[in-house]
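This report refers to the structure that appears directly beneath it.
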Amino acid sequence: MAAILTPKQIEQYNTEGYVTPIPIMDAAEAQVLRANLEAAEAARGGKLEPSQRSKAHLLFKWLDDLIRDARILGPIEQLIGPNILCWNTLFWIKEAQSPSFVSWHQDTKYWGLSSDKVITAWLALSPASLDAGCMRVMPRTHIGDVLPHDDQYHKDNLLTRGQQITEGIDDDRAIAMPLQVGEMSVHNYRLAHASGPNNTDDRRIGVSMHFMPTETGQIVSDWDSAALVRGEDTHGNFIHTPIPSGDFDAAAIAFHAKASQALNKIVYAGAEENTAKL
């Protein structure tokens, strides 16, 4: 059965910019997804290439199934409407006792998307506790102007450019969003968010899915792709991604290469350095 947001949760999303936690699946089902991912890592020398962690629904059939799952799309439709594209999927992996972190940033500054209604759904495949480096958000920063950012290029920053908000962040106001395995958070992509290092003995693994209404356009590039996951697309602003027939099937790999190259140009537009983290 699809998760349904209450009127209070919808109001919170609109005013504060986020809702958490949303139960999606039981831990056993989420652990199967984690096992699928880790089996793919093991088959490729222990980890995925950076490019394979992004637009990953093109490489993993089970992830393409996930972005079409009614339990996930139910809350998304409540927030952005019935015609939905999935622009990107990303694996966020912090190894056990890892210093990796995500600096305070707003995604809207780097994705080239024209809509303010883009939403990130983040599903925990392992415990995402405060000690494990769960996401933190700065409420209401999705309203008003985008905050000033600077590219820092820190080696332990999981972000492509080490992008970091330079003013307007008050850590005392930050809200931590810990998740149990199988739970999901959602936030507006304009909302400032960050996460700390993983100080636990387990990997912290999550998958983010980035949804948008079909009227959204790409303003940085003349070619971009997205999966039509619900409703209809009468706008045609994005090339629809193919549904893979299986994990790492040849046709999907070829499309993934083109889509990844386009995404790389978008997120590094105007950057002084390409860190090849994507």
*asked:* If the requirement is being among the β-branched types (Val, Ile, Thr), in a loop (DSSP other than H, G, I, E, B) and at pLDDT 90 or above, which of these qualifies: 181, 186?
replied: 181
*Using the structure shown, decide if residue 53 is surrounded by 14 or more Cβ atoms within 10 Å (Cβ to Cβ), under 14 Å from residue 125 (Cα atoms), within 17 Å of the chain's Cα centre (by Cα) and among the basic types (Lys, Arg).*
no
*Subset of the range 204-225 [surrounded by 18 or more Cβ atoms within 10 Å (Cβ to Cβ) and part of a loop (DSSP other than H, G, I, E, B)]*: 214, 216, 224
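Each row is one residue, and each column tells you yes or no for (1) of a type outside the set (D, E, K, R); (2) in contact (Cβ under 8 Å) with a residue 12 or more places away in the chain; (3) in contact with a Lys or Arg (Cβ under 8 Å, 6 or more places away or on another chain).
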{"position": "61", "(1), (2), (3)": "no, yes, no"}
{"position": "64", "(1), (2), (3)": "no, yes, no"}
{"position": "82", "(1), (2), (3)": "yes, yes, yes"}
{"position": "85", "(1), (2), (3)": "yes, yes, no"}
{"position": "90", "(1), (2), (3)": "yes, yes, yes"}
*If we keep just the residues of the range 238-278 that are among the hydroxyl-bearing types (Ser, Thr, Tyr) and at pLDDT below 95, which is farthest from the chain's Cα centre (by Cα)?*
275
_Pairs needed: first member in the range 251-270, in a helix (DSSP H, G or I); second member anywhere, aromatic (Phe, Trp, Tyr); C-beta distance under 6 Å; at least 6 residues apart or different chains._
262/223; 267/110
*Matching residues in the range 1-35 - criterion: being outside any strand (DSSP E or B), polar (S, T, N, Q) and surrounded by 16 or more Cβ atoms within 10 Å (Cβ to Cβ)*: 9, 12
_So residue 200 ticks every box in (1) under 21 Å from the mean Cα position of the chain (by Cα); (2) hydroxyl-bearing (Ser, Thr, Tyr); (3) surrounded by fewer than 23 Cβ atoms within 10 Å (Cβ to Cβ) but one. Which box is left unticked?_
(1)
*Do the conditions hold for residue 191, that is, is it buried (at least 18 other Cβ atoms within 10 Å of the Cβ) and touching a helix residue (DSSP H, G or I) at 6+ places or on another chain (Cβ under 9 Å)?*
yes
_Subset of the range 85-100 [over 17 Å from residue 18 (Cβ atoms) and within 15 Å of the chain's Cα centre (by Cα)]_ = 85, 86, 87, 88, 89, 90, 91, 93, 94
*Can you find a residue in the range 170-192 that is over 27 Å from residue 78 (Cβ atoms) and either β-branched (Val, Ile, Thr) or in contact with a Leu (Cβ under 6 Å, 6 or more places away or on another chain) (or both)?*
no
*Which one is surrounded by the fewest Cβ atoms within 10 Å (Cβ to Cβ), of the residues in the range 119-147 that are out of contact with any Asp or Glu (no Cβ under 7 Å at 6 or more places or on another chain) and of a type in the set (D, E, K, R)?*
145
_Spans of strands (runs of 3 or more DSSP E) in the range 115-170 with at least 1 residues in contact with a strand residue (DSSP E or B) (Cβ under 6 Å, 6 or more places away or on another chain), of a type in the set (Asp, Glu) and modelled with pLDDT under 90_ = 149-151
*How many residues, within the range 40-55, are outside any loop (DSSP other than H, G, I, E, B) and within 17 Å of residue 94 (Cα to Cα)?*
8
*Is it fair to say residue 30 is within 18 Å of residue 181 (Cβ to Cβ) and touching a residue at least 12 places away in the same chain (Cβ under 8 Å)?*
yes
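The values are calculated or read from the model by the stated rules, or taken from the named source; none is laboratory data. A quick note: this is a predicted structure, and the numbers were derived from the prediction, not measured. When we count neighbours, we look across all protein chains shown, and the Cβ atoms used for this are built from the backbone with ideal geometry, even at glycine.
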